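Rule-based calculations on the coordinates, nothing more; no lab input. This is a predicted model, so every value here is computed, not measured. Virtual Cβ from ideal backbone geometry, glycine too; neighbours counted across all protein chains shown.
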Amino acid sequence: MAQGRGKSSLSALILLCCMLLHCCDMAYATTYTVGDQYGWKFFITNWTEGKSFKAGDILVFNYSPLNHNVVVVDANGYKNCNAAGGKVYNSGHDSITLPKGQSYYISSFTDQCQYGSMKMAVYATQTSLKDMAQGRGNSALSVLVLLFFTFVLNCDMANAITYKVGDAGGWRYNVDNWPQGKSFKTGDILVFNYNPLFHDVVAVDEAGYNNCSVQNGKVYRSGHDSITLPQGQSYFICSLPGHCKASMKIAVNAA
Ligand code: CU1
């Protein structure tokens, strides 16, 4: 694949894997409704207790925008109930994605933070593949690995080349030079086109190829046989009298 004929496939694969990792991370995020059924309200500070937040998790703040808002502040803003310079949300249904580390949210409506404890501090740990492997994302990681190999396999298959043996002339006498100059790969497909009244195709071993003898070889006689190349040497001959001796035979090496 990396040697030319599959470069774009490889790029696509890498892109896909990145997308999968991204999706995986997103699917892995937890959405929390702040304050649960009561929403963003007074004395909310303890709501975070017992929860393990991860970067990328989503906090949904539900409240009446007539009575409250949400302001993202720093540690000082949190401590002193000072909303100056903070990012303000006031839709009444705000979704905020947690960044890594400490985040602080307060209401900037008069006295709500200071006297109503409408303030909340959240610590989000980093989500990593390592975390996923070790804990709450085991199944997600398994799916990812499985998907990865599925894509690699598909990639290989899409990368297989189909050859018409003998090109336009098909499977015929003096076809033995046809493989020259071609680089076959395992999984490539040879299509043998011929009139089944006059020819067949038999997969033989090296001795069968050299001696034009058919012993226990697999026989194809549809006139349009597709044969997937196994790794290493493969030998095909026509078993009708004299045809192999007339060079109706090919030896193919698949890398
Ligand atoms: Cu033949």
Once A246 and D36 are pulled to full extension, the length gained, defined as 0.36 nm per residue separation minus their Cα-Cα distance, is 67.2 nm
Hits in region 60-82: amide N under 17 Å from the 7 Å Cα→Cβ extension of F53, namely 60-63, 69-82
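How big is the C-alpha Rg of region 30-126 next to the rule-of-thumb value 2.2 N^0.38 Å, as a ratio? Numbers along the way, then the final one.
Details: Rg = 12.0 Å, N = 97, 2.2 N^0.38 = 12.5 Å.
Normalised Rg, Cα atoms only: 0.96.
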Once the in-chain neighbours fewer than 8 apart are removed, the lysines whose Cα is under 27 Å from K182 read K7, K164, K218, K245, K249
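Extension gain T45-V88, at 0.36 nm per residue separation less the Cα-Cα distance, in nm? Please list the in-between numbers first.
Values: separation 43, 0.36 × 43 = 15.48 nm, distance 1.86 nm.
Going from the current span to full extension adds 13.6 nm.
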